[in-house]
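What follows is a single structure, written as structure tokens, with notes after it.
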């Protein structure tokens, strides 16, 4: 959604806008996640003088993802907040690289801004719960539902030569 900021460069004070986030899924460049719940972007636009605006906002978007250990479906709320200073595109001010991706002249691309901030706010690892036990490496059953009984002993590979000697000289 594009928001024209022309009138805010000339007015004084702070304006509050509520902008809907309409995306059905979020693509981070590697995978797509379905947007389960969303709220409107709460955006405050403050004229800080000399052709400058301060944009501050927050939004919480809930994405569908899977647990990194047990692959269970999880809803992940991602709170996003930001503060940016943008300048009037009249040629007298230098634009920073940060604002180039969401500003097109006097128009603010709110969805591009939200997507970028959402990408930066994503958790590194999604877990269904802190003490998630994951999957059994032998049979693949979910260990959160109970033990599967598989033998998961893995011998130390540094001891393999010694174990070969013991097994060769073992009496039957």
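General observations
- Out of 127, 53, 71, sole residue that is in the same structural domain as residue 9 (by TED's automatic domain parsing), closer than 26 Å to residue 26 by Cα and either at pLDDT below 90 or surrounded by 11 or more Cβ atoms within 10 Å (Cβ to Cβ) (or both): 71
- Residue selected from the range 130-160 under the condition touching a helix residue (DSSP H, G or I) at 6+ places or on another chain (Cβ under 8 Å) and in a loop (DSSP other than H, G, I, E, B), by the criterion surrounded by the most Cβ atoms within 10 Å (Cβ to Cβ): 132
- Filter result for the condition that a residue is modelled with pLDDT of 90 or more, closer than 20 Å to residue 54 by Cβ and in contact with a strand residue (DSSP E or B) (Cβ under 9 Å, 6 or more places away or on another chain), over 99, 117: 117
- Test for residue 84: is it touching a helix residue (DSSP H, G or I) at 6+ places or on another chain (Cβ under 8 Å) and surrounded by 14 or more Cβ atoms within 10 Å (Cβ to Cβ): yes
- The listed residue being assigned to a strand (DSSP E or B) and over 30 Å from residue 131 (Cβ atoms), out of 55, 63: 55
The values are calculated or read from the model by the stated rules, or taken from the named source; none is laboratory data. None of the values given here were measured: they were computed from a predicted structure. Here the Cβ is made from the backbone with ideal geometry for all residues, glycine too, and neighbour counts use every protein chain on show.
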